[in-house]
Amino acid sequence: MSAPTTHTHHTGGCQCGAIRYRVEGGLGDASVCHCRMCQKASGGFYMPLVSLGTARLTWTRGHIRHFQSSNAARRGFCGDCGTPLTYEAPDGVALAIGTFDDPGDLKPGIQWGVEAKLPYVDEVPALPQQETSADEGAAAFLATLVSYQHPDHDTDDWTPKIEEAREHWRPKEQGV
Ligand SMILES: [Zn+2]
Ligand SMILES: [Zn+2]
């Protein structure tokens, strides 16, 4: 079991900034889950979650949407950008660790669902490591890059750049 975190409050939200939350009080256990549902819901190799424990969760901006992933649980996400935010089951709610403004504090203490663990996932930490700037071919791209991701703190005013980004990345017409 992982030790409860010591911070009395945390903030977080989705990538586009349409959804923000605040958690006050002691969070429960942090974990990763390798089950196939968590792979799908996160788009990742596994899903990092921290249970609310005795903490109180307040949605401070926007309204999350839900997918009922089974008769027992539903998963909350941002309807604008798709960021996974919650796992909600009868025994409580858990938040996706990567959506916290300070995820470095939320160290997982256990792995669940290991029967579905992807065959290469344990090899990832041993892979060669490079910083983003080491990709010389991307230097020009990185020099002009403007992030539309919400910053890792609460903001008074924020307009998600959903439409703007969609225009920017629209593929060229392929002809008919
Ligand atoms: Zn969003
Ligand atoms: Zn799972």
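Just so you know, all these numbers are worked out from the coordinates, no wet-lab data involved. It should be emphasised that the depicted structure is a prediction, and the values quoted were computed from it without experimental measurement. Neighbour counts are summed over all protein chains in view; Cβ atoms, including those assigned to glycine, are modelled from backbone coordinates with ideal geometry.
Net charge in the neighbourhood of residue 142 (other residues with Cβ under 13 Å of its Cβ; Lys, Arg +1, Asp, Glu -1) is -3.
If Lys and Arg each add +1 and Asp and Glu each add -1, what is the summed charge of the other residues whose beta carbon sits under 15 Å from the beta carbon of residue 152? With Lys, Arg at +1 and Asp, Glu at -1, the neighbours total -1. Coupling constants for the range 71-81 follow from the phi torsions by the Karplus curve (6.51 cos²θ - 1.76 cosθ + 1.60, θ = phi - 60°), and in residue order they are 6, 10, 9, 9, 10, x, 8, 7, x, 8, 10 Hz; glycine and proline get x. Pairs of C-alpha atoms in the range 73-133 farther apart than 20 Å represent 51 percent of all such pairs.
Here the extension length gained between residue 8 and residue 154 equals 50.9 nm, from 0.36 nm per residue of separation less the Cα-Cα distance.
Take 72-79, 152-159 and order them by the average number of nearby Cβ atoms within 10 Å per residue, most first; the result is 72-79, 152-159. Spin-label model, residue 65 to residue 130: label points 7 Å out along the Cα-to-beta-carbon direction sit 3.6 nm apart. A simple count of charges around residue 116, restricted to other residues whose Cβ falls under 15 Å of its Cβ and scoring Lys, Arg +1 and Asp, Glu -1, yields +1. Extending 7 Å from Cα along the Cβ direction at residue 162 and again at residue 40 yields two label points whose distance is 2.3 nm. In sequence order, the range 105-120 has phi-based couplings of 7, 10, 7, x, x, 7, 10, 10, x, 5, 5, 9, 4, 5, x, 9 Hz under the Karplus curve 6.51 cos²θ - 1.76 cosθ + 1.60, θ = phi - 60°, and Gly or Pro positions carry x. Among 42-54, 120-132, the peptide with the highest mean count of other Cβ atoms within 10 Å heads the list, and the full ranking is 42-54, 120-132.
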